[in-house]
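Structure record follows, encoded as structure tokens.
Nothing in this text is a laboratory measurement; each read-out follows from the coordinates by a stated rule. Just so it is clear, the structure is predicted and the values come from calculations on it, not from any experiment. With ideal geometry, Cβ positions are generated from the backbone for all residues, glycine too; neighbour counts draw on all protein chains shown.
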Amino acid sequence: MNTQVPPITGHVLNIQHFCVDDGPGIRTTVFLKGCPLRCVWCHNPESHEAAAEILYRAERCRACGRCAALCERGAHTLTADGGHSYDRTKCIRCGSCVKGCRVEALEQAGERQTVEEVLAEILTDRVFYATSGGGVTVSGGEPTAQAAFTEALLTACRHEGLHTCLESCGWCSAEIMRRLIPCTDLFLLDFKISDDIRHRHYTGVSNRPILENLALLKEHHARVILRCPLIPDVNTDTAHYDGIASVVNKHENIEQIDLEPYHPMGIGKSAALGKEAAYTHTEFLDPAVAERAKEYLERRVSVPVRISGKQ
Ligand code: SF4
Ligand code: SF4
């Protein structure tokens with residue numbers, strides 16, 4: 001009988017190096033697949049599903065036919081008019097065709113990796129953590145949706161003496177949050193919309209579990225930075241800013257607010273995934289709106305308020 005315990009694996013979207021907006025210092029950020037929320041403005045729609053997904057950017061395609069030769073399912077075909085067609089209904093997302101595309105018209109989002117594989121890549125950046133006060137951030141998608149992998153990865157990083165951040169929407173069970181507290185030095189927790197009805201409308205879920213988890217983190221004296229996206233026509237109103245201030249003033253463990261101005265990168269990715277974007281605002285957030293939100297909040301809270309992307 002084989003008694004070997006299989007290694008813990010997770011669906012990893014990608015690993016980004018030299019990140020400066022995902023916690024203190026220079027960080028390596030591990031993005032995981034899968035998210036229980038469907039924020040209409042999401043800029044990473046390729047992270048929604050837990051399994052791998054295929055992005056196809058027709059504007060890059062040269063109709064060379066290499067993908068058609070590699071796909072055993074017949075999902076790619078060359079058309080009579082010299083074009084190329086990709087039928088997602090036949091695709092099982094094996095990724096074979098992606099390797100054949102030389103112009104990056106095809107891209108695979110997500111692959112299974114072990115904790116050891118991810119840790120080995122993280123450790124290549126170790127020298128930068130030491131000099132900058134940085135470390136590792138596990139993000140998503142939603143990392144609590146792969147709780148066992150996230151816990152194992154953060155714990156492994158801790159054993160290596162690395163500073164750990166968990167960037168989360170906060171929408172998970174209290175049991176999962178409790179498991180992640182001991183292996184996380186700093187939580188980067190999202191607070192998107194104060195009003196619960198609007199939160200359900202724009203994200204698909206209630207904000208109550210998020211508020212309950214914030215209370216739990218306070219109870220455990222966990223360090224928290226509150227991350228607040230600023231989305232045009234969704235949450236750039238003073239009622240929401242008052243809601244942010246109220247949450248921050250009730251939780252003395254929240255030590256900073258990060259305002260995250262909207263950018264429209266998700267729209268093109270939705271199209272490449274064969275999905276229709278639910279929110280089609282094509283402009284970046286007006287920087288003046290973010291500045292006004294910052295000033296408004298600074299008059300109501302005693303913690304620093306920062307605009308992401310501005311040093
Ligand atoms: S991912 Fe696999 S099944 Fe899907 S189109 Fe490519 S080769 Fe075919
Ligand atoms: S391999 Fe790439 S460039 Fe060639 S037909 Fe397929 S998608 Fe188009």
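Return the calculated 222 nm mean residue ellipticity for the chain, to the nearest 500 deg cm²/dmol, obtained by summing -39500 (n - 2.57) across DSSP H runs with n ≥ 4 and dividing by the residue count. Helix-only estimate at 222 nm: -9000 deg cm²/dmol. Lysine pair count for the range 139-280 (Cα-Cα distance under 30 Å; residues 8 or more apart in sequence or on different chains): 5. Rounded to 0.05, the FRET efficiency of the ARG223 and HIS263 pair, given R0 = 30 Å and the Cβ-Cβ distance, is 0.65. Applying 1/(1 + (r/R0)^6) with R0 = 35 Å to the Cβ-Cβ distance of TYR296 and ASP196 gives a FRET efficiency near 0.95. With both labels modelled 7 Å from their Cα along Cα-to-Cβ, the ARG178 to GLU59 distance reads 5.0 nm.
Of the residues GLU46, GLU283, GLU151, the one with the fewest other Cβ atoms within 10 Å heads the list, and the complete ranking is GLU283, GLU151, GLU46. Positive end of the dipole of the chain (Cβ unit charges, origin at the Cα centre): among GLY243, PRO264, GLY23, the Cα lying farthest that way belongs to PRO264. Look at ILE122, ILE15 and count the other Cβ atoms within 10 Å of each Cβ; fewest to most, that gives ILE15, ILE122. For the range 214-311, the equivalent ellipsoid derived from the Cα gyration tensor has semi-axes of 28, 17, 12 Å, listed largest first.
The magnitude of the dipole of the chain, with charges of +1 and -1 set on the Cβ of Lys/Arg and Asp/Glu and taken from the Cα centre, is near 480 debye. Under 8 Å for C-alpha pairs, at least 6 residues apart: give me the relative contact order for the range 35-101, rounded to a whole percent. Rounded, it is 27 percent for the range 35-101.
Report for the chain the percent antiparallel among DSSP-assigned beta bridges with both residues inside it, nearest 5. Restricted to the chain, the bridges split so that about 35 percent are antiparallel.
Between the range 143-187 and the range 190-227, what is the C-alpha centre distance in whole Å? So the separation of the two Cα centres works out to 17 Å. So which helices of the chain fit the span-like rule, where a helix is a whole DSSP H run, its Cα atoms reach 15 Å or more along the axis, and its mean Kyte-Doolittle is at least 0.5? Qualifying helices: 147-159. Considering only alpha-carbon pairs that sit under 8 angstrom and 6 or more positions apart, the relative contact order computed for the chain is 19 percent.
Only Lys, Arg, Asp and Glu carry charge here, each on its Cβ (+1 for the first two, -1 for the last two); on that basis the range 55-108 has a dipole of about 140 debye about its Cα centre.
Annotation: the residues CYS61, CYS42, CYS94, CYS228, sorted from fewest to most other C-beta atoms within 10 Å of their own C-beta, follow the order CYS94, CYS61, CYS42, CYS228.
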